[in-house]
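To start, the structure under review is shown below, and the notes come after it.
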Amino acid sequence: MSQANTFPEYRGKMEYHCLGCGQHYGIDELYYTCPKCGSVFILQDLTFDELKKTSGQEWRDLFDARTATKKDSLRGIFRFYELFAPVIEEKDILFLGEGNTPIVASNTNLNKIVGIKTAYKNDGQNPSASFKDRGMACAFSYINALLAKNNWDEILTVCASTGDTSAAAALYASYIGGPVKSVVILPEGKVTPQQLAQPLGSGAKVLEVPGVFDDCMKVVEHLADNYRVALLNSKNSWRILGQESYAFEVAQWYDWDLKDKCIFVPIGNAGNVTAIMAGFLKLYELDIIKELPRIFGVQSAHADPVYRYYSVDDPKEREYKPVTVQPSVAQAAMIGNPVSFPRVKYFADKYEAIGGKTSFQVVQVSEQLIMDSMLLANANGHIACTQGGECLAGLIRAKELGLINENESAILDSTAHQLKFVGFQDMYYQNTFPAEYEVTPDSSKSNSPELVIEATLKDSMSEADYISKAADNVVAMLGLEKK
Ligand SMILES: *Cc1c(COP(=O)(O)O)cnc(C)c1O
Ligand SMILES: [Zn+2]
């Protein structure tokens, strides 16, 4: 059997490591937060250093060989098995088509407008149309393993969500089926119709709480503290592990050379940016990449606690304070008290220790710039969601602030598919944004369908005349000339 089709032999020794009190716990149990101090975990492979016996070149060759695998277990994020969850057995690995999302280089027009080379990594091309599938594939593979081991007859998976977490959780839960039941808790009226339809279609129990995401999170935490449920919010460190695959894929796409690359990531609960930093750090430690790319977190001025923290230059003066969010088109990132904030700090410190002070930065953007940037990207052949628009806005802002050099290029994360958030495009085109969003549409950019012919004419004409009249109208509307 070729290297590509061999399931890895390496098994790590993984433990939960509490970022609050430093306590370690074994992975036989699904821990959510530290039972002792309540802080968040990261999962660590205690034998990670053994992987250093394999050279960077050997790792690169192995991962490149695996792109041709015929094994479903290695087709998705688990192509990078040794790097993130080398305790899950092959039979427990779920593959629903997640990962391997393309990076699409921008056209000349967009690059000229922005002033440097850009590309979008389209994480909306994951099965539930957002990057959340990366984390769920890992978390549910682990749950699958627990189920097999413990012979449980039922496990209730619960999450609070700004929309995409629940869509992904419900999808993977419905795939396993049987003992796995999915419950999702959403802020009423604060997820898009598409995001609401997804868990409903997967057969999850959908519960709505009037309020914002942060309220739903508190409800879920109450459940976690008092009842036996498996929580799938990004406090769940198995999800963070799976999301590291984004970094591995970016590196591999560019043939493991990330010199002069800047990665733009929207920050909501801060799980994604954490995982991306953690992923690049692992590649660097194993000599798989020689240089860390720079990471730019992006937040809207309407939900910007991480930006506020890092906007204070002197690390000793920084103080973390949750904020009250205002409505944001980057709705999936509209979070005032990100649960992964301690993880951001942990990995940002490590990142900066290697890449220098400018290797991790957070920029703040206006709602207006987010919308304008999304429309600009999509008018140039991209499929960016509002959070993807936020990334381009972040790049434009970073350039304005002089944080980017001419020789650098940017990889923008479209964290979901354009169509999930298309209601915001409608509001822009139809000029129906509520004032709180602080978005003023530029009418020259709006687009709407035009009617070719009155439907009532259909009854008064023969079908042939009706079609020919419609065609004449199209000719007039387009100003066509005869050939
Ligand atoms: C969840 C989500 C985010 C925010 O990611 P965090 O990991 O919470 O920071 C951004 N965009 C989309 C589309 C999301 O679903
Ligand atoms: Zn602790």
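In the structure shown, the pairs Lys321/Lys345; Lys321/Lys420; Lys445/Lys483; Lys71/Lys259; Lys36/Lys357 are assessed against 22 Å; a Cα-Cα span above that value is assigned to Lys321/Lys420; Lys445/Lys483; Lys71/Lys259; Lys36/Lys357.
Across the range 458-470, computed HN-Hα scalar couplings (Karplus, 6.51 cos²θ - 1.76 cosθ + 1.60, θ = phi - 60°) run 4, 6, 8, 10, 5, 4, 4, 5, 4, 5, 5, 5, 4 Hz from first to last residue, x flagging Gly and Pro. Here the Kirkwood formula puts the hydrodynamic radius of the range 331-417 at 14.3 Å, using every distinct Cα pair.
A Cβ-based charge dipole, computed about the Cα centre of the chain with Lys and Arg at +1 and Asp and Glu at -1, lands at about 620 debye. For a paramagnetic label modelled at 7 Å from the Cα of Leu200 toward its Cβ, which residues of the range 156-170 fall within the zone defined by backbone nitrogen distances under 19 Å? Backbone N within reach: 159-170. Each 5 Å bin from zero holds the following percent of Cα-Cα pairs in the range 72-231: 2, 9, 16, 17, 18, 14, 11, 7, 4, 2, 1, 0.
Charge dipole (Cα centre; +1 on Lys/Arg Cβ, -1 on Asp/Glu Cβ; no other charges) of the range 259-302 amounts to roughly 80 debye. For the chain, the carbon plus sulfur part of the accessible surface works out to 50%, probe radius 1.4 Å. With the alpha-carbon atoms of the chain aligned to their principal axes, the span from lowest to highest coordinate is 77, 54, 54 Å, starting with the largest. Compared with the rule-of-thumb size 2.2 N^0.38 Å for a compact globular protein, the range 68-108 has a Cα radius of gyration ratio of 1.45. When the Cα atoms of the range 87-175 are aligned to their principal axes, the ranges along those axes come out at 58, 28, 17 Å in descending order.
The listed residues Tyr284, Tyr429 rank as Tyr284, Tyr429 when sorted by accessible area, largest first, using a 1.4 Å probe.
Against the empirical 2.2 N^0.38 Å (N residues), the range 382-443 has a Cα radius of gyration ratio of 1.31. Per the Debye calculation on the range 362-483 with a single equal scatterer at every Cα and no solvent contribution, log₁₀ I(q)/I(0) for q = 0.13, 0.14, 0.16, 0.21 Å⁻¹ amounts to -0.69, -0.74, -0.84, -1.12.
Over 24 Å between Cα atoms, which of Lys52/Lys290; Lys52/Lys316; Lys132/Lys190 qualify? The pairs that break the limit, which is 24 Å between Cα atoms, are Lys52/Lys316.
For the range 253-310, the spherically averaged projection of the C-alpha convex hull amounts to 4.4 nm². Here's the picture: charge each Lys and Arg Cβ at +1 and each Asp and Glu Cβ at -1 in the chain, and of Leu412, Gln195, Pro342 the one pushed furthest to the positive end of that dipole is Pro342.
Would you be so kind as to identify which of His382, Thr69, Ser245 lies farthest towards the positive end of the dipole of the chain, taking Lys and Arg as +1 and Asp and Glu as -1 on Cβ and the Cα centre as origin? Positive-most Cα among the choices belongs to Thr69. Rounded to the nearest 5, the antiparallel percentage of DSSP beta bridges internal to the chain is 30%. Extending 7 Å from Cα along the Cβ direction at Cys37 and again at Lys13 yields two label points whose distance is 2.3 nm.
The values are calculated or read from the model by the stated rules, or taken from the named source; none is laboratory data. A quick note: this is a predicted structure, and the numbers were derived from the prediction, not measured. Using ideal geometry, Cβ is built from the backbone for each residue, glycine included, and neighbour counts are taken over all protein chains shown. What goes into the accessible areas is simple: the full protein's heavy atoms, side chains included, and nothing from ligands, DNA or RNA. Shrake-Rupley method; radii C 1.70, N 1.55, O 1.52, S 1.80 Å.
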